[in-house]
Amino acid sequence: MNCSIILGAIVSFLIGICFGSFLNCLVYRLSKKKTILGRSFCPKCLHQLSWSENIPLFSFFFLKGKCKYCHQSISWQYPLIELAVGFLFTLAFVHLSPFTFSIKTIFSLLTQWFIFFILVFIFIYDLKYQEIELIVVRPAIALVFLFSVLEKPIQPLFISLLIGSGFFLLQYLITKGEGIGLGDVWVGIFMATILVQPKDLCIALFSAYIIGALIGLFLLIFSVKSGKYKLKTKIPLAPFLVLGTFIALFWGEKITSWYFLKL
């Protein structure tokens with residue numbers, strides 16, 4: 001690995017953890033119906049943070065995981081999300097290596113960063129609040145749709161959109177909103193704009209439901225007795241859809257090749 005790739009990976013990681021910090025802020029403020037403008041503050045004592053207390057990753061460990069003012073614990077969500085987004089941004093850069101400073105390559109990298117950011121947002125927001133924040137997802141669909149039209153053949157895109165929207169909308173109508181929420185339909189549309197090839201979308205959907213079924217079974221077996229989970233307990237679907245999307249993005253081609261070799 002040459003120096004330019006190492007340097008690019010480091011810069012991508014640093015940009016990623018900064019966007020991870022913003023993502024944490026976005027999740028919190030949208031959930032509390034607060035403006036995303038203004039300086040960061042402790043969610044418990046509401047004290048405004050100085051710049052040194054707001055450095056992604058570093059500040060959490062420097063403060064030993066506690067607010068400097070009220071000494072309440074800071075959630076591990078903050079460094080973990082920053083680390084996750086930093087890792088994904090780095091992965092996107094390495095995937096495009098050898099990186100060239102052309103309009104097409106830069107556009108592709110920024111598109112992937114945007115997609116990864118929104119996917120992580122959907123994952124954490126639905127996991128915490130069992131809700132899809134459409135004020136973020138709908139504009140993201142419009143932008144990624146535009147990106148896909150500019151970069152890829154349009155015919156497979158519309159087939160994927162038909163599969164993604166139809167698959168979830170049918171479930172929503174059959175279950176009358178009890179099986180999945182309308183927000184999950186929008187997530188399915190977002191997946192279709194990302195995974196333009198229908199085969200990749202099918203891999204994502206299959207992976208998501210397999211993972212969801214396995215985790216649901218695990219919770220059922222090991223948690224029913226404790227009373228924390230019951231047969232009617234709702235489990236958010238979007239985190240599994242996000243995981244399925246990442247599987248299709250990173251390993252879709254390998255899974256397809258393996259499958260056809262087996263045939």
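The values are calculated or read from the model by the stated rules, or taken from the named source; none is laboratory data. Worth saying up front: this structure is predicted, and the values here are computed from it rather than measured. Cβ: placed from backbone, ideal geometry, glycine included. Neighbour counts: every protein chain shown.
Just a few scattered comments:
Per-residue answers, yes or no, for (1) outside the structural domain of L157 (by TED's automatic domain parsing); (2) at pLDDT 90 or above; (3) of a type in the set (F, W, Y):
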{"position": "F190", "(1), (2), (3)": "no, yes, yes"}
{"position": "P198", "(1), (2), (3)": "no, yes, no"}
{"position": "L220", "(1), (2), (3)": "no, no, no"}
{"position": "K234", "(1), (2), (3)": "no, no, no"}
{"position": "I255", "(1), (2), (3)": "no, no, no"}
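- Residue in the range 62-73 that is under 22 Å from I132 (Cβ atoms) and surrounded by fewer than 14 Cβ atoms within 10 Å (Cβ to Cβ) present: no
- Residue check, F101 modelled with pLDDT under 80, surrounded by fewer than 18 Cβ atoms within 10 Å (Cβ to Cβ), aromatic (F, W, Y) and at negative phi: yes
- Residue count, the range 128-160 (criterion: among the aliphatic types (A, V, I, L, M) and under 15 Å from T245 (Cβ atoms)): 5
- Some residue of the range 107-121 being farther than 24 Å from I189 by Cα, over 17 Å from the mean Cα position of the chain (by Cα) and either exposed (fewer than 14 other Cβ atoms within 10 Å of the Cβ) or of a type in the set (K, R) (or both): no
- Residue pairs whose Cβ atoms lie under 6 Å apart, sitting 6 or more positions apart in sequence or on different chains, and linking a residue in the range 1-18 that is in contact (Cβ under 8 Å) with a residue 24 or more places away in the chain to a partner that is part of a helix (DSSP H, G or I) and among the hydroxyl-bearing types (S, T, Y), are A9/T90; S12/T90; F13/T90.
- The residues on offer are K64, K34, K128, K104, and the sole one that is in contact (Cβ under 8 Å) with a residue 60 or more places away in the chain and basic (K, R) is K128.
- Top-ranked residue in the range 37-61 [being in contact with a helix residue (DSSP H, G or I) (Cβ under 6 Å, 6 or more places away or on another chain) and in contact (Cβ under 8 Å) with a residue 24 or more places away in the chain; ranked as surrounded by the fewest Cβ atoms within 10 Å (Cβ to Cβ)]: L57
- Subset of the range 1-36 [modelled with pLDDT under 95, among the hydrophobic types (A, V, I, L, M, F, W, C), farther than 23 Å from D126 by Cα and crowded, with 17+ Cβ neighbours inside 10 Å]: A9
Here's the yes/no breakdown for (1) modelled with pLDDT under 90; (2) more than 25 Å from V85 (Cα to Cα); (3) of a type in the set (K, R):
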{"site": "L173", "(1), (2), (3)": "yes, yes, no"}
{"site": "L195", "(1), (2), (3)": "no, no, no"}
{"site": "K230", "(1), (2), (3)": "yes, yes, yes"}
{"site": "T245", "(1), (2), (3)": "no, no, no"}
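- Inter-residue pairs, beta-carbon under 9 Å, first part of a helix (DSSP H, G or I) and in the range 138-157, second of a type in the set (D, E, K, R), 6+ apart: E151/K104
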